[in-house]
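Notes follow once the structure below has been shown.
The values are calculated or read from the model by the stated rules, or taken from the named source; none is laboratory data. Because the structure is a prediction, the values reported are computed rather than measured. Cβ atoms come from the backbone with ideal geometry, glycine included; neighbour counts cover every protein chain shown.
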């Protein structure tokens, strides 16, 4: 299904983890697999974004420029975050900080956003997603409230090839992307 202009909703997904075997990267892979036909989901790897240094914000690193351009070109964003020490990983916060600077060049401004996360813990990224929402409020994103996707005990939910085996989680991811597409169209 296409929107009024006959185009798919373009979503940029990225994970807040650099680990190659990251459950959150696997969660994004599942999102690509279950995306509804009216959603085009592209994945961006934040690895290579250097630590944010305000002295250099007017001359951003090439990886930061690429990230900003991808966010700006997308209709919406999908963020998969692990939970480290009750919060978002530093690399994710750093990527958001670097991309939103300097003042007046924030590509997240007014962008619809959806969150999900997988963790080996029992709460499945609940605290990290709460903190991420706070950051996205400042970036003026419109974050979906539900469905909430917090995959607990992630080591039990993926097979050896990195495929999400939890059918309920797969269904919720599809619902999340459907809702993200609907919200994006409403905000156009």
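All of (1) touching a residue at least 60 places away in the same chain (Cβ under 8 Å); (2) farther than 22 Å from residue 181 by Cα hold for residue 80 with one exception: (2).
Quick check on segment 168-183. Is at least one of its residues in contact with a helix residue (DSSP H, G or I) (Cβ under 6 Å, 6 or more places away or on another chain) and in a strand (DSSP E or B)? Before you say what the answer is, go through the steps one by one.
Taking segment 168-183 and keeping what is in contact with a helix residue (DSSP H, G or I) (Cβ under 6 Å, 6 or more places away or on another chain), we get 170, 173-174.
After this cut, where a residue has to be in a strand (DSSP E or B) as well, the list is none.
No; the residues of segment 168-183 include none that is in contact with a helix residue (DSSP H, G or I) (Cβ under 6 Å, 6 or more places away or on another chain) and in a strand (DSSP E or B).
For segment 131-161, a residue qualifies if it is over 18 Å from the mean Cα position of the chain (by Cα) and farther than 19 Å from residue 86 by Cβ, and the qualifying residues are 155, 156, 157, 158, 159, 160, 161.
Within segment 1-18, if we keep just the residues that are part of a loop (DSSP other than H, G, I, E, B) and surrounded by 15 or more Cβ atoms within 10 Å (Cβ to Cβ), the residue that is modelled with the lowest pLDDT turns out to be 3.
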